[in-house]
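Q: The following block contains the structure, expressed as structure tokens.
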Amino acid sequence: MKILLANPRGFCAGVNMAIETLETSLSLFGSPLYVYHEIVHNRPIVERFRAKGVVFVDDISEVPNGGTVLYSAHGVSPRIREHSRDRNLRAIDATCPLVTKVHMEAVKFAKEGYTIVLIGHEGHDEVLGTMGEAPDCMVLVEDEKDVDALQLPAGVKLAFLTQTTLSVDEANVVIAALRRKFPQIVGPNKDDICYATQNRQEAVRELVPEVDVVLVLGSQNSSNSQRLAEIARTLGKRSYLVDRVSELQEDWFRPSDTVLVTAGASAPEDHVQDCVEFLRTKFGATLENRVVREEHVSFPLPKELRVLVRK
């Protein structure tokens, strides 16, 4: 067996920032510390922080008056921020700057009188936050069928935005369908799909022709991790999405397989290495690192924390 270890993989700059924000907040304020939604969509990370006294909530009313709450990397709507202020919460914003960019685009288009078509997955935390920026003038589509069913007034000013963690290929299909149906539609000046999502997808596409099976580290509720597994399946390869080594099954692999190992943008590296070690131990696998693209992006801690850390 041979393992191709994809680079880039795993944590993106937004996830690194969100996790560092939560760790720093714990050291400054102690527990219990509240996070609105999961800090990132990764089960082992959420479990690790729960063990340290972090409480993850899906309703801001679950945070005691005057308490400390972190907004997750996926962002929140203005309504949540308003509720936090009303209840005198200390709010620390760990929203990924690339998600904030989409929120700002939504506000800009809404002020200019556009109806906004958001391409994304219904119910995803990021989608809920983005739609909250302009709920009266935004509609959600997931695929071409949704575009076909879209009924809008003739000549309406129309713009589109995308969830940051989509498959680039799938998003382009939906954008093309929107452009065919609504030739007047405009988009953001720069692609909304984040650099890390695109880079990890690019690595899978480039390396998958050389392999028999693809192993993706990431949680089932992680959109970008799901996309990696889907891309591999679309390209005809066996593909498995797991959180940790204990989920691996030996009969997924043949001794002669070449296995591509990668990880979604919220999956920790220690679980990647555990899976590599499993394949080495069970199948005598050799390891080859493959770098498709280098990443050198980093985001600072939220300003409300940077001030406290400097003190």
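Every number here is computed from the coordinates shown, using simple stated rules; none is lab data. Since the model is a prediction, treat every value here as computed from it, not as a measurement. When we count neighbours, we look across all protein chains shown, and the Cβ atoms used for this are built from the backbone with ideal geometry, even at glycine.
Q: How big is the charge dipole of the chain about its Cα centre, in debye rounded to the nearest 20, if each Lys and Arg gets +1 on its Cβ and each Asp and Glu gets -1 on its Cβ?
A: Values: 36 positive and 44 negative charges, 145 e Å.
With only Lys, Arg, Asp and Glu charged at Cβ, the dipole is about 700 debye.
Q: Assign unit charges at the C-beta atoms only (+1 for Lys and Arg, -1 for Asp and Glu), then state the dipole size of the stretch 1-116 relative to its Cα centre in Debye, rounded to the nearest 20. Could the numbers behind the result be given before it?
A: Details: 14 positive and 12 negative charges, 55 e Å.
So the magnitude is around 260 debye.
Q: If each of ASP212 and LYS303 carries a label point 7 Å out from its Cα toward its Cβ, how far apart are those two points in nm?
A: Going by the 7 Å Cα→Cβ label model, 5.5 nm.
Q: Then there is this: Treating cross-link reach as a plain straight distance, find the lysines whose alpha-carbon is under 23 Å from the alpha-carbon of LYS111, omitting any fewer than eight places away in the same chain.
A: Those lysines meeting the cut-off are LYS101, LYS157, LYS190.
Q: For GLU122 and ARG50, what does the FRET efficiency come to when R0 = 22 Å and r is the distance between their Cβ atoms, rounded to the nearest 0.05? Present the calculation step by step, with values, prior to reporting the outcome.
A: Numbers: r = 27 Å, r/R0 = 1.22.
Step by step, r from the Cβ atoms, then E = 0.25.
Q: Sticking with this structure for a sec: Just to be sure I understand the model, the point goes 7 Å from the Cα along the line to the Cβ. What's the resulting GLU112 to ALA176 distance in nm?
A: That separation, rounded to one decimal, is 2.6 nm.
Q: Any idea how far apart ASN221 and LYS145 come out in nm if each label point goes 7 Å out from Cα toward Cβ?
A: Reported label-point gap for ASN221 and LYS145 is 2.5 nm.
Q: Give me the extension gain from LYS157 to SER31: residue separation times 0.36 nm, minus the current Cα-Cα distance, reported in nm with one decimal.
A: Details: separation 126, 0.36 × 126 = 45.36 nm, distance 4.81 nm.
Length difference between fully extended and current span is 40.5 nm.
Q: How much length is gained on full extension from ARG238 to VAL291, taking 0.36 nm per residue of separation minus their Cα-Cα distance? Walk me through the numbers before you get to the answer.
A: On the way: separation 53, 0.36 × 53 = 19.08 nm, distance 2.19 nm.
Difference between extended and current length: 16.9 nm.
Q: So, one more: Note down the net charge around GLU304, summing +1 for each Lys or Arg and -1 for each Asp or Glu among other residues with Cβ under 11 Å from its Cβ.
A: Numbers: positive: ARG90, LYS303, ARG306; negative: ASP93.
Taking every Cβ under 11 Å from that of GLU304, the sum is +2.
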